[in-house]
1. Only four residue types carry charge here, +1 at the Cβ of Lys and Arg and -1 at the Cβ of Asp and Glu. Report the dipole size of the chain about the Cα centre in Debye, rounded to the nearest 20.
2. Could you list which residues have their amide H under 5 Å from that of Tyr54, counting only those 5 or more apart in sequence or on another chain, with H placed in the peptide plane?
3. For His47, which sequence-distant residues (separation of 5 or more, or a different chain) have an amide H within less than 5 Å of its own amide H, given hydrogens modelled in the peptide plane?
4. Grab the beta carbon distance between Ala218 and Ser159, set R0 = 22 Å, and tell me the FRET efficiency rounded to 0.05.
5. Please work out how much length the chain gains when fully extended from Glu86 to Glu127, using 0.36 nm per residue of separation minus the C-alpha to C-alpha distance, in nm with one decimal.
6. What nm distance separates the two modelled labels at Ser18 and Arg189, each placed 7 Å from Cα along Cα→Cβ?
7. State, to one decimal in nm, how far the label point of Ala263 lies from the label point of Asn7, with both points 7 Å from Cα in the Cβ direction.
8. In the chain, carbon and sulfur make up what percent of the accessible area (probe 1.4 Å)?
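The values are calculated or read from the model by the stated rules, or taken from the named source; none is laboratory data. The model shown is predicted, which means the values in this text are computed figures rather than measured ones. Heads up, the Cβs are rebuilt from the backbone with ideal geometry, glycines too, and the neighbour counts pull from every protein chain shown. In case anyone asks, the SASA skips ligands and DNA or RNA and just uses the protein heavy atoms, side chains included. Shrake-Rupley method; radii C 1.70, N 1.55, O 1.52, S 1.80 Å.
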Amino acid sequence: MPVAHLNGTEIHFRDAGSAKDAVLLLHAFPLNSGMWSRQIAALEKRHRVVAIDYRGLGKSGVAPEATTMDVIAEDVRAVLAHLRIERVAVAGLSMGGYVSFELYRRAPALFRGLVLCDTKAAADTEEGKAMREQFARTTLEKGLGWVSDEMIPKLLKPSPDPAVAKEVRHLIAAGTPAGVAAAQRGMARRPDSTPTLAKIACPTLVIVGEQDGLTPPAESEKMAKAIPGAKLARIPKAGHLANLENPDAFEAAMVPFLDKLPA
Ligand code: MLT
């Protein structure tokens, strides 16, 4: 996996395919770019596909006290500049969606298109913020095994495929407790992105797992209606991590959308 020293730390990323049309994949919490392996394989023949590990998750270095969406958006911009990519289609799942909103506010001209998967625009409630702080503290105390036990039932559909649950546990184990805690604290500080939705001017697809309990389909329907011209795809037999739980249906929705985007 390539690594670049950018913004004062090491950012690890995947860079596959050599086509001119670039696609950037932004991962969920508390995973890393490895969650996109199957989609990278599906896309790399016709696109250049870049996927980064956020600080403290996967292989990337130094997690500050809070990894805010601003910090990640600037890391993403630095990686794209490092790779000399000027325009890109961005697909973000859950936390990756939060990063996509921040990136859009900072650099709308970068976007050829946008895929928002299993995510939401609203900021946390005060109660939600307090829960994230508690989660961060318990992570530092109990470690990543506890994080997996806590998160997997929420990330996957009821009665999940054991192979998918194992893969998610493996992805979570690649992070660090400090990185996971910092990501939780960073998400708690994210602003409300609802006012951003009407301003999104690139082609947009919203994807949601039909059994997503964390960011339910009703939330995605609202989001798709608020983005001019956005389309919505519902993925059957999938929870929050729709790309891992039903990759065939997920790719059947995402790949043709990306294929048709202008360069
Ligand atoms: C994710 O999947 O990225 C997280 O569930 C997002 C969150 O905790 O809000």
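1. It comes to approximately 600 debye.
2. Answer set, sorted by chain and number: Ser33.
3. So His47 has HN proximity to Ala19.
4. 0.50
5. Residue separation times 0.36 nm, minus the Cα-Cα distance, leaves 10.8 nm.
6. Modelled inter-label distance: 4.2 nm.
7. Rounded to a tenth, the inter-label distance reads 2.9 nm.
8. Reported share for carbon and sulfur atoms: 55 percent.
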